[in-house]
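Visitor: Have a look at the structure that comes next, please.
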Amino acid sequence: MELASIASGSSGNCIYVGNESAHFLVDAGVSRKKIVEGLREMDVDPSVIQGIFITHEHMDHIAGLGVFLRKYPVPVFATGKTIDEIFKTPSLGKVDTGLFHSILPDKPMSFQGIRVEASNIYHDAADPVCYSFTDSESKVGIATDFGTYDDYLVEKMKGCQSLLVESNHDLNMLMAGPYPYPLKRRIMSNTGHMSNERAGQFLCKVIGEECRHIFLGHLSKENNYGELAYETVRVELLLHNIDIEKEHFTMQVASRSVPTFAL
């Protein structure tokens with residue numbers, strides 16, 4: 001099963017998951033034009049998308065949802081509280097509310113032979129979740145927008161062949177940067193975002209022998225940059241005796257602006 005990032009960052013997020021018979025999006029936080037261009041770069045026609053799974057209602061995850069649905073009216077899946085918040089968003093515009101379907105965390109669903117499971121995460125949204133997708137050959141996971149993790153989330157993300165994990169900020173850049181202190185506290189809180197170090201620590205617990213591809217995603221434009229995120233996570237892994245140079249998986253940073261495919 002393929003996992004690819006159309007866009008991943010604090011300014012907008014959209015991830016593609018699919019195989020030969022099924023094609024899904026996770027979030028639609030960039031323009032329809034950008035989503036369509038990203039899909040076509042993967043040789044996926046947007047008309048074959050069979051569903052969009054929404055992690056939570058923040059604008060960098062739903063900004064392009066309404067416009068996309070008016071052109072491509074596909075089912076949208078999210079928790080009930082998230083759907084309620086999406087409907088309150090003026091920029092959503094007029095959409096067919098019948099396209100929206102409420103899901104429950106820890107209640108796996110089956111779509112076109114793919115097992116999809118939502119799992120609870122810690123974030124300051126109505127009812128945020130992350131997702132894993134499993135077919136007969138592999139499992140992929142997307143876990144972003146969470147301030148901390150526990151054994152529950154570690155277990156949910158184990159067994160992934162491909163995994164996209166948030167590596168949002170460098171703590172020193174955040175503290176020295178221009179954000180007002182209340183916003184800095186929010187980002188650093190357990191319901192905020194994962195630092196580079198914490199992303200590395202999480203990956204140390206999740207990575208297994210089956211892992212082949214890791215994407216570091218949802219980088220902050222103001223408080224992080226790709227080389228720093230990669231190197232910080234690499235060092236954290238090395239501290240736990242995981243040497244990327246000798247391992248069987250690759251790691252790369254998902255771009256904010258262009259599609260990122262597994263190496």
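The values are calculated or read from the model by the stated rules, or taken from the named source; none is laboratory data. Remember, it's a predicted structure, so these values are computed and weren't measured experimentally. Every residue, glycine among them, receives a Cβ derived from its backbone with ideal geometry; neighbour counts consider all protein chains shown. Each accessible area value is taken on the protein alone, full model and side chains, heavy atoms only, with ligands, DNA and RNA left out. Shrake-Rupley method; radii C 1.70, N 1.55, O 1.52, S 1.80 Å.
Visitor: Which of the following residues is under 17 Å from the mean Cα position of the chain (by Cα) and at positive phi: Asp106, Asp27?
Guide: Details: Asp106 fails: under 17 Å from the mean Cα position of the chain (by Cα).
Of the residues listed, the single one that is under 17 Å from the mean Cα position of the chain (by Cα) and at positive phi is Asp27.
Visitor: Among the candidates Glu222, Glu210, Glu231, Glu245, single out the residue that is surrounded by fewer than 16 Cβ atoms within 10 Å (Cβ to Cβ), in contact (Cβ under 8 Å) with a residue 40 or more places away in the chain and more than 27 Å from Ser31 (Cα to Cα).
Guide: On the way: Glu222 fails: more than 27 Å from Ser31 (Cα to Cα); Glu231 fails: in contact (Cβ under 8 Å) with a residue 40 or more places away in the chain; Glu245 fails: in contact (Cβ under 8 Å) with a residue 40 or more places away in the chain.
When all the criteria are applied, what remains is Glu210.
Visitor: Mind checking which residues of region 132-150 are open to solvent by less than 10 Å² (accessible area, probe 1.4 Å) and either of a type in the set (D, E, K, R) or at pLDDT below 95 (or both)?
Guide: Selection gives Asp145 alone.
Visitor: Is it the case that Tyr152 is under 25 Å from Glu197 (Cα atoms), of a type outside the set (A, V, I, L, M, F, W, C), touching a residue at least 60 places away in the same chain (Cβ under 8 Å) and touching a Ser or Thr at 6+ places or on another chain (Cβ under 9 Å)? Full working, then the answer.
Guide: Values: under 25 Å from Glu197 (Cα atoms): yes; of a type outside the set (A, V, I, L, M, F, W, C): yes; touching a residue at least 60 places away in the same chain (Cβ under 8 Å): no; touching a Ser or Thr at 6+ places or on another chain (Cβ under 9 Å): yes.
Judged against the criteria, Tyr152 is not a match.
Visitor: For region 86-103, which residues satisfy the criterion of being in a helix (DSSP H, G or I) and within 19 Å of the chain's Cα centre (by Cα)? Full working, then the answer.
Guide: The first filter runs over region 86-103 and keeps only residues in a helix (DSSP H, G or I), leaving 86-87, 90-92, 97-99.
Listed by number, the list holds a single entry, Ile86.
Yes or no, residue by residue, for (1) among the charged types (D, E, K, R); (2) touching a helix residue (DSSP H, G or I) at 6+ places or on another chain (Cβ under 9 Å); (3) over 25 Å from Leu216 (Cα atoms); (4) free of Cβ contacts under 8 Å to residues at least 12 places away in the same chain:
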position: Asp96; (1), (2), (3), (4): yes, yes, yes, no
position: Leu99; (1), (2), (3), (4): no, yes, yes, no
position: Gly113; (1), (2), (3), (4): no, no, yes, no
position: Glu117; (1), (2), (3), (4): yes, yes, no, no
position: Ala125; (1), (2), (3), (4): no, yes, no, no
position: Pro128; (1), (2), (3), (4): no, yes, no, no
position: Thr134; (1), (2), (3), (4): no, no, no, no
position: Thr148; (1), (2), (3), (4): no, yes, no, no
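Visitor: Additional query: Among (1) in a strand (DSSP E or B); (2) open to solvent by 40 Å² or more (accessible area, probe 1.4 Å), which single condition is Leu263 missing?
Guide: Among (1) in a strand (DSSP E or B); (2) open to solvent by 40 Å² or more (accessible area, probe 1.4 Å), Leu263 violates only (1).
Visitor: Now, a different point. Please count how many residues of region 90-121 are open to solvent by 70 Å² or more (accessible area, probe 1.4 Å) and within 24 Å of Glu2 (Cβ to Cβ).
Guide: Residues that pass the stated criteria total 4.
Visitor: Are any of the residues in region 218-225 outside any loop (DSSP other than H, G, I, E, B) and either within 18 Å of the chain's Cα centre (by Cα) or of a type outside the set (Phe, Trp, Tyr) (or both)?
Guide: Step one: of region 218-225, the residues outside any loop (DSSP other than H, G, I, E, B) are none.
Within region 218-225, not a single residue is outside any loop (DSSP other than H, G, I, E, B) and either within 18 Å of the chain's Cα centre (by Cα) or of a type outside the set (Phe, Trp, Tyr) (or both).
Visitor: Identify, from the list Leu163, Leu153, the residue that is open to solvent by less than 60 Å² (accessible area, probe 1.4 Å) and in a strand (DSSP E or B). Outline the logic, then answer.
Guide: Values: Leu153 fails: in a strand (DSSP E or B).
Exactly one residue qualifies, and that residue is Leu163.
Visitor: Could I ask something else about it? Which residues, counting only those in region 170-207, are without any contact (Cβ under 8 Å) to a residue 12 or more places away in the chain and either open to solvent by less than 40 Å² (accessible area, probe 1.4 Å) or assigned to a helix (DSSP H, G or I) (or both)? Break it down into steps so the answer makes sense when it comes.
Guide: Step one: of region 170-207, the residues without any contact (Cβ under 8 Å) to a residue 12 or more places away in the chain are 172, 175-176, 180-185.
Answer for region 170-207, where residues must be without any contact (Cβ under 8 Å) to a residue 12 or more places away in the chain and either open to solvent by less than 40 Å² (accessible area, probe 1.4 Å) or assigned to a helix (DSSP H, G or I) (or both): Asn172, Met175, Ala176, Tyr181, Pro182, Leu183, Lys184, Arg185.
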